[in-house]
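Note sheet for the following structure.
The values are calculated or read from the model by the stated rules, or taken from the named source; none is laboratory data. Only a predicted model underlies this, so the values are computations on that prediction, with no experimental measurement involved. Counting neighbours? That spans all protein chains shown, and the Cβs are built from the backbone with ideal geometry, glycine included. Only protein heavy atoms, including side chains, enter the accessible area calculation; ligands, DNA and RNA are left aside. Shrake-Rupley method; radii C 1.70, N 1.55, O 1.52, S 1.80 Å.
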Amino acid sequence: MAYVRLLLLAGAMAMGLSLAVQLITGALQGAPGPVVPDPETGRFDSADVRAVFLDTLAASGVGVLVSSVVQAAAMALTHLTGALVYVDLRIRKEGLADALIAELGQDAEAPRTPPASGRSG
């Protein structure tokens, strides 16, 4: 049951990170400045319209790029957590810890079992 909590925590962390980045990029993009028509002709200046369009396009592009990087990191976090939980479960259920320790160091001391809880002696 602890493993399920760990996976849920990793998913919640990834979701929170993604949400925070979306809020920040959304706030930075904001609404573009108003384009005011020329009072004499009543038409919009094409340079102003182009500037607003390019600003909006650049802000959207940066927002998408940052969000994509954060989404990839969040996905990696959840997948790596799942893989670590799987490996830990296998090591515990199949008793692979002693075999791995023995394989690492042939001349190493044999693993000691911890003393039984309670009184020693």
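Scanning region 1-59 for residues that are open to solvent by less than 70 Å² (accessible area, probe 1.4 Å) and either on the phi > 0 side of the Ramachandran plot or in contact (Cβ under 8 Å) with a residue 24 or more places away in the chain (or both) yields Tyr3, Ala10, Gly11, Ala14, Ser18, Val21, Thr25, Gly26, Gly30, Gly42, Thr56, Ala59.
Suppose the filter is closer than 19 Å to Ala10 by Cβ and surrounded by 11 or more Cβ atoms within 10 Å (Cβ to Cβ); does Leu96 pass it? When the stated conditions are applied, Leu96 does not pass them.
Here Ala83 meets each of (1) closer than 30 Å to Leu100 by Cβ; (2) surrounded by 11 or more Cβ atoms within 10 Å (Cβ to Cβ) with one exception, condition (2). Answer yes or no as to whether Val70 is modelled with pLDDT of 90 or more, β-branched (Val, Ile, Thr), closer than 30 Å to Met1 by Cα and open to solvent by less than 70 Å² (accessible area, probe 1.4 Å). Here the answer is yes, as Val70 does meet what is asked. What do you reckon, is Leu89 assigned to a helix (DSSP H, G or I), touching a residue at least 24 places away in the same chain (Cβ under 8 Å), among the aliphatic types (A, V, I, L, M) and loosely packed, with under 14 Cβ neighbours inside 10 Å? Answer is yes for this residue. Would you confirm, using the coordinates I've provided, whether Ala74 is assigned to a helix (DSSP H, G or I) and in contact (Cβ under 8 Å) with a residue 40 or more places away in the chain? Against the criterion (assigned to a helix (DSSP H, G or I) and in contact (Cβ under 8 Å) with a residue 40 or more places away in the chain), Ala74 qualifies.
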